[in-house]
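Beneath this line is the structure, given in structure tokens, with notes to follow.
Only the coordinates and a few stated rules stand behind these numbers; no lab work does. The structure displayed is predicted, hence computed values, not measured ones. Quick reminder, even Gly has a Cβ in these numbers, built from the backbone with ideal geometry, and neighbours come from all protein chains shown.
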Ligand SMILES: Nc1ncnc2c1ncn2[C@@H]1O[C@H](COP(=O)(O)OP(=O)(O)OP(=O)(O)O)[C@@H](O)[C@H]1O
Ligand SMILES: [Mg+2]
């Protein structure tokens with residue numbers, strides 16, 4: 001177990017919202033300042049999951065469901081991961097009321113749990129602080145003037161680009177060795193800060209061993225992100241990267 005970072009102010013405390021870091025289609029991330037009883041402060045990022053396209057609003061609201069349109073995909077992502085009882089599996093496949101409720105319950109803490117696992121395994125992810133309902137608090141990557149840019153919009157020299165790629169491969173090896181596929185890896189879900197590549201955005205991560213499509217997700221992630229590096233001028237082979245990863249399973 002790695003030790004939680006020393007900057008973290010533990011309860012009792014008050015939180016103040018310092019504003020939006022980024023609003024996207026799936027989540028809004030804010031910067032929050034926490035002040036402890038003794039006056040110590042720390043800042044962190046607060047990710048709030050947004051509701052997506054709502055199909056039958058009344059029914060879903062009655063269920064307290066936040067992420068309506070993700071249910072269908074969830075079945076693929078979650079296959080075999082947590083729903084061992086065949087009764088539960090069938091309920092999810094049929095999207096019955098009971099099935100939807102099961103998915104909602106499992107969804108909220110998933111990103112926190114995955115990132116805790118990965119942080120402990122040594123992957124460069126923001127420190128996961130806590131979650132409740134549809135809110136996830138995590139280490140803020142950035143400084144007083146700006147949040148860390150996504151790799152997509154960071155301006156990297158050739159040397160930094162090569163360095164970022166090396167960090168990507170090392171990170172992917174760790175992920176695979178931990179038995180996990182990110183499931184949505186791209187230059188938007190990697191941050192670049194002070195020469196470090198930081199992996200973010202894990203709500204859809206899946207267990208490779210338990211999910212039939214697990215290796216497909218790894219392959220898709222590798223192709224996605226390698227294509228980005230290729231467009232930036234690196235001569236790399238996504239299939240070679242993927243084949244190398246299989247050795248870390
Ligand atoms: N810990 C963090 N520190 C700094 N910025 C962050 C942090 N976490 C997320 N962000 C910023 O917020 C953006 C959205 O976060 P994230 O990728 O986790 O959510 P998302 O569900 O993909 O939302 P979106 O619909 O915007 O893609 C990130 O791309 C990044 O720019
Ligand atoms: Mg994202």
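Per residue, the convex hull spanned by the Cα atoms of segment 135-188 amounts to 124 cubic angstrom. The mean of 1/r over all distinct Cα pairs in segment 105-160, once inverted, gives the Kirkwood hydrodynamic radius of 13.2 Å.
Residues 1, 115, arranged from fewest to most other Cβ atoms within 10 angstrom of their Cβ, appear as 1, 115.
Can you tell me the convex hull volume per residue for segment 198-241, based on C-alpha atoms, in Å³ to the nearest whole number?
87 Å³
Taking packing as the residue-averaged number of other Cβ atoms within 10 angstrom, the listed peptides 221-229, 20-28, 189-197 run from highest to lowest as 221-229, 189-197, 20-28.
Calculated on the alpha-carbon coordinates, the convex hull of segment 151-249 measures out at 84 cubic angstrom per residue.
When 110, 182 are arranged by Cβ crowding within 10 Å, least crowded first, meaning fewest neighbours, the order is 110, 182.
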